[in-house]
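Reading through the structure tokens given below for one structure.
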Amino acid sequence: MSTIEFSQALMSNADHLKPYAITLTRDTETAKDLLQETMYRALANAEKYNAGTNIKAWLYTIMRNIFINDYRRKAKQNVIFDGSPNDHLLNHNVVSIVNGAESNLVFKDIQAAVHQLPEIFRNPFILYFEGYKYHEIAKILTEPLGTIKSRIHFARKLLKLQLTRI
């Protein structure tokens, strides 16, 4: 396929891509940018197109991939638009101050609740909380693995009940 034929095929399929771009972006200006980027990438990668295959499907795939990559890139950015006509970027990195006193109180409540657990549930739960795996806890306490899993599960349920009351 010659360069002229390829360019003509691109231009004849451009009208089919516009509604798809609008569907993806939900904004006409962004859709125009997406369409332009799709055409640019198609022209830049013309040698990758296999003559005789469906050019429309190839263009749809390019457009979809560009949209997905842009979406992922924007999702990683920590900035938001304020919605004003100027579209100022606001820094989304909000600095918060840790309230150490409140954290200590909550931690003390959790510790008290853990120590109020019956010993049969408390020991496996503490070992699990310290980072031991289920099979390691079963070996340490010489109990079956299923029993350990069950006791840790019930310890969590009891803790949840105790901490919701506080």
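What follows draws every value from the coordinates through simple rules; no lab data is involved. Values in this document were obtained by computation on a predicted structure and should not be read as measured data. Don't worry about glycine lacking a Cβ; one is built from the backbone with ideal geometry, like all the others, and counts go over all protein chains shown.
Multiply the residue gap between residue 163 and residue 27 by 0.36 nm, knock off their C-alpha separation, and tell me the result in nm, one decimal place.
44.2 nm
Note the full-extension length gain between residue 46 and residue 140 as 0.36 nm times their separation in residues minus their Cα-Cα distance, in nm to one decimal.
27.4 nm
Can you compute the FRET efficiency between residue 68 and residue 8 using 1/(1 + (r/R0)^6), with r the Cβ-Cβ distance and R0 = 30 Å? Round to the nearest 0.05.
It comes to 0.60.
Under 29 Å Cα to Cα from residue 32, which lysines show up? Leave out anything in the same chain fewer than 8 places away.
Partners found: 18, 48, 56, 74, 76.
Taking 0.36 nm per residue of separation and subtracting the Cα-Cα distance, what length does fully extending residue 54 through residue 126 add?
19.8 nm
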